[in-house]
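Report on the structure given below.
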């Protein structure tokens, strides 16, 4: 029996969390189930040679795969139609509300224009895909306006991988309980509505701290900073402490 061949067009490489957890981390598990996955990383920089290399690989591979998964990529109109034309079965994967303007871009006129231009292309892909994978119910509600074939697939992590690299000693009752968050700095704005509740909770629960790994941000919480020691994850580790 021939394996199912899936071509993933990822938004970025493994440095981007969504591409890592929704594609790269899943490849070994897909292989165990007889699904052969190949990844083409969407070139973010407008380098002519990289664009031509990507395009040639796509033109060769797309017709030779059973399924093409477009992971949170919003290509130009021409390439979007080319993807639809060459894909035997096209799946669009979305784990962010890309149809909404990010709060950090409210005052950025260029970002607003870019978002307005990309929205029709996103809607075209949602409408013309054979199925849409959504990270949660909220995204599924929007996508269902354009496509009835919706599957809700949350972003998952392998907990065993994190246990393997953890330095926490469960038997040490004196160690603080750490609530961790890893993500892009611009998404720290999502904590603004709950920052007061978060601070009060940390005050009430002794021995609890909240840590975030990201680039520096302007979130106004009392914090202590230390350099990241997590290798490939660059930036700063922030330990948010309640006001005393």
I'd like the full set of residues that are over 13 Å from residue 92 (Cα atoms) and either assigned by TED's automatic domain parsing to the domain that holds residue 95 or modelled with pLDDT of 75 or more (or both), limited to the range 149-162.
154, 155, 156, 157, 158, 159, 160
Please count how many residues of the range 61-77 are modelled with pLDDT of 95 or more and within 27 Å of residue 115 (Cα to Cα).
4
Is it the case, given these coordinates, that residue 86 is closer than 18 Å to residue 22 by Cα and surrounded by 15 or more Cβ atoms within 10 Å (Cβ to Cβ)?
no
Give the number of residues within the range 92-121 that are closer than 23 Å to residue 9 by Cβ, free of Cβ contacts under 8 Å to residues at least 60 places away in the same chain and out of contact with any strand residue (DSSP E or B) (no Cβ under 8 Å at 6 or more places or on another chain).
11
Condition broken by residue 154, with the remaining ones in (1) in contact (Cβ under 8 Å) with a residue 24 or more places away in the chain; (2) part of a loop (DSSP other than H, G, I, E, B) satisfied:
(1)
Determine which member of the set 108, 95, 25, 33 is in the same structural domain as residue 127 (by TED's automatic domain parsing) and in contact with a helix residue (DSSP H, G or I) (Cβ under 6 Å, 6 or more places away or on another chain).
95
Can you tell me which residues in the range 138-164 are loosely packed, with under 13 Cβ neighbours inside 10 Å and over 22 Å from residue 23 (Cβ atoms)?
141, 145, 148, 163
Any residue at all in the range 61-69 that's surrounded by fewer than 17 Cβ atoms within 10 Å (Cβ to Cβ), part of a helix (DSSP H, G or I), in contact with a helix residue (DSSP H, G or I) (Cβ under 7 Å, 6 or more places away or on another chain) and assigned by TED's automatic domain parsing to the domain that holds residue 135?
yes
Does the range 40-60 contain any residue that is farther than 24 Å from residue 123 by Cα, within 17 Å of the chain's Cα centre (by Cα) and not in a loop (DSSP other than H, G, I, E, B)?
no
Considering only residues that are out of contact with any strand residue (DSSP E or B) (no Cβ under 7 Å at 6 or more places or on another chain) and either outside any loop (DSSP other than H, G, I, E, B) or surrounded by 16 or more Cβ atoms within 10 Å (Cβ to Cβ) (or both), which ones fall in the range 1-16?
16
Flag if residue 78 is without any contact (Cβ under 8 Å) to a residue 40 or more places away in the chain, over 25 Å from residue 144 (Cβ atoms) and in contact with a helix residue (DSSP H, G or I) (Cβ under 9 Å, 6 or more places away or on another chain)
no
Would the range 25-34 turn up any residue that is exposed (fewer than 13 other Cβ atoms within 10 Å of the Cβ) and in a loop (DSSP other than H, G, I, E, B)?
yes
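The values are calculated or read from the model by the stated rules, or taken from the named source; none is laboratory data. Because the structure is predicted, anything quoted here is derived from the model rather than measured. Because the Cβ atoms are built from the backbone with ideal geometry, glycine has one as well, and the counts that use them run over all protein chains shown.
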